[in-house]
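Q: Okay, handing you the structure first.
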Amino acid sequence: MRSRSHYLFLSKFYKYCKQNPVRKQQAISFASGRGTCEAHQGFIKATAHTSACAHTYLMPLVVSLFLVLNMVWQCHAGAFPPLSAKEECMLGLSELKQSIQTLDHKLVLGEWQLQNLREYRYFPPPKLRQISIPNDTVTYKTTAPLLPLGPGNLLVHDKDCSELYDRLQPPSGFYRIKPKAASEPFLVYCDMEDGGGWTVFQKRRNGKVDFNRDWADYRDGFGNYELWNDEFWLGNENIHSVLIGDEYLLKIDLMDWNGQTKYAIYDNFKISDEKDQYRLSVGVCSGQAGDGLSGGTNMVEQWSASLSGMQFSTRDQDNDRYLQGNCAEENIGGWWYNRCHAANLNGKFYRGGEYKGENDNGVVWGTWRGLWYSLRHTTMKVRPQHAMAGLGSGAGPEG
């Protein structure tokens with residue numbers, strides 16, 4: 001077996017001959033057996049000086065050097081004739097086959113990715129992107145998932161998360177849906193637990209998203225759509241488009257700061273269009289959290305706090321029945337206020353539960369923890385009523 005020094009010597013020898021045309025000619029003469037003895041001796045002496053280890057390894061390498069130099073001489077003397085037209089054609093055909101094979105592999109990968117997008121349309125949490133800021137420190141920023149535009153819309157054919165669940169039963173996550181054939185698809189969080197097929201339109205988790213916003217924000221939607229516990233409001237226009245053409249259940253999942261959970265389910269949940277200021281309509285309530293949207297069982301409270309039939313209000317568009325002020329301004333969020341509420345899930349996020357203030361403007365559900373206890377987690381989600389029989393009551397764990 002040849003040593004590493006053997007190959008180092010060959011490498012140095014080749015570079016030496018390449019840089020010295022005279023020595024190259026001597027190498028050719030040496031390999032071919034031509035030339036004088038003096039020339040051969042001069043060549044060997046010259047090459048021996050190219051490396052400190054040449055004297056040690058010169059003799060064992062005579063055979064290898066002869067083969068290498070003989071090849072150099074043959075190439076120099078034209079011993080290998082140029083390729084024929086047929087040989088050049090065969091070589092080109094081989095290269096073409098290799099290119100086709102590479103493209104075929106890319107095509108298979110692309111088909112797999114397209115099939116995955118058609119079936120799941122799942123957008124995983126984005127990776128952290130490193131960015132620099134002026135004071136030479138480094139920070140990290142998450143980038144929101146980008147939705148395909150143009151022809152990508154043709155891949156979306158699920159009206160809501162229940163259709164997606166019926167077709168594939170994928171895991172919970174962010175998916176694109178297309179409630180209207182003529183509209184653009186949009187991103188939603190689908191809760192595939194708790195019976196499956198829930199389209200989530202509101203989440204409160206950590207107070208990182210400000211819910212005290214103008215009409216346009218509540219109409220179009222806002223928040224983060226990256227992680228399962230991000231906070232968002234899907235947008236009144238999007239909610240309205242999901243509810244068109246079917247009867248829907250509304251499920252509200254609640255959690256307090258002790259980890260206790262309750263829920264309320266409403267049938268016949270509807271929201272009108274923007275011309276009618278996204279008016280709310282709910283039916284019969286069931287569940288352990290009480291009927292917060294109707295103001296409870298007290299008739300007097302229901303007259304001033306029932307939200308069914310109310311139009312949506314924001315700080316810049318007052319549609320409530322409170323003549324002395326704007327409920328949205330007082331309660332720090334957009335909602336279906338009456339005079340004002342017994343439930344306000346878009347209110348100010350207070351940590352710890354109980355809070356004090358001039359107004360009962362926390363994230364509250366009055367029929368469970370009262371108006372002066374701000375909840376930790378809330379989720380509002382919808383599913384077609386006909387899904388109840390096949391998918392359970394929806395009384396599962398908090399989503």
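The values are calculated or read from the model by the stated rules, or taken from the named source; none is laboratory data. Since we're looking at a predicted model, the values are computed, not measured. Methodologically, a virtual Cβ is constructed for each residue, glycine included, from the backbone with ideal geometry; neighbour enumeration extends over all protein chains shown. With ligands, DNA and RNA removed, areas are computed over all heavy atoms of the protein, side chains included. Shrake-Rupley method; radii C 1.70, N 1.55, O 1.52, S 1.80 Å.
Q: What are the residues in the range 179-210 that are touching a residue at least 40 places away in the same chain (Cβ under 8 Å) and assigned to a strand (DSSP E or B), if any?
A: 186, 187, 188, 189, 191, 198, 199, 200, 201, 202, 203, 204, listed by residue number.
Yes or no, residue by residue, for (1) surrounded by 20 or more Cβ atoms within 10 Å (Cβ to Cβ); (2) part of a loop (DSSP other than H, G, I, E, B); (3) among the polar types (S, T, N, Q); (4) at pLDDT 95 or above:
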{"position": "300", "(1), (2), (3), (4)": "no, no, no, no"}
{"position": "304", "(1), (2), (3), (4)": "no, no, yes, no"}
{"position": "311", "(1), (2), (3), (4)": "no, yes, yes, yes"}
{"position": "319", "(1), (2), (3), (4)": "no, yes, yes, yes"}
{"position": "323", "(1), (2), (3), (4)": "no, yes, no, no"}
{"position": "340", "(1), (2), (3), (4)": "yes, yes, no, no"}
{"position": "356", "(1), (2), (3), (4)": "no, yes, no, no"}
{"position": "360", "(1), (2), (3), (4)": "yes, yes, no, no"}
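Q: Next up: Quick one: which residue in 213, 219 is assigned to a helix (DSSP H, G or I) and among the basic types (Lys, Arg)?
A: 219
Q: While we're on this one: Would you mention how many residues in the range 257-298 are in contact (Cβ under 8 Å) with a residue 40 or more places away in the chain, within 18 Å of residue 203 (Cα to Cα) and open to solvent by 20 Å² or more (accessible area, probe 1.4 Å)?
A: Selection size over the range 257-298: 4.
Q: Looking at the range 370-388 only, could you name the residues that are farther than 23 Å from residue 179 by Cβ, open to solvent by 40 Å² or more (accessible area, probe 1.4 Å) and under 36 Å from the mean Cα position of the chain (by Cα)?
A: 376
Q: Right, another one. Would it be correct to say that residue 100 is touching a strand residue (DSSP E or B) at 6+ places or on another chain (Cβ under 6 Å) and either more than 30 Å from residue 160 (Cβ to Cβ) or at pLDDT 80 or above (or both)?
A: Judged against the criteria, residue 100 is not a match.
Q: The conditions are (1) part of a strand (DSSP E or B); (2) buried (at least 19 other Cβ atoms within 10 Å of the Cβ), and residue 239 fails exactly one of them. Which is it?
A: Exception for residue 239: condition (1).
Q: Looking at the range 178-203, which of the residues that are in contact with a Leu (Cβ under 7 Å, 6 or more places away or on another chain) and on the phi < 0 side of the Ramachandran plot is surrounded by the most Cβ atoms within 10 Å (Cβ to Cβ)?
A: Top of the filtered list is 188.
Q: How about the range 211-244: which of its residues are touching an Asp or Glu at 6+ places or on another chain (Cβ under 8 Å) and either of a type in the set (Asp, Glu) or free of Cβ contacts under 8 Å to residues at least 12 places away in the same chain (or both)?
A: Across the range 211-244, the qualifying residues are 214, 220, 237.
Q: Would you pick out the residues in the range 242-295 that are assigned to a strand (DSSP E or B) and among the polar types (S, T, N, Q)?
A: The answer is 261, 268, 281, 286.
Q: When you go through (1) within 33 Å of the chain's Cα centre (by Cα); (2) of a type outside the set (Ser, Thr, Tyr); (3) farther than 25 Å from residue 229 by Cα one by one for residue 346, which number turns out not to apply?
A: Only one criterion is unmet by residue 346, namely (3).
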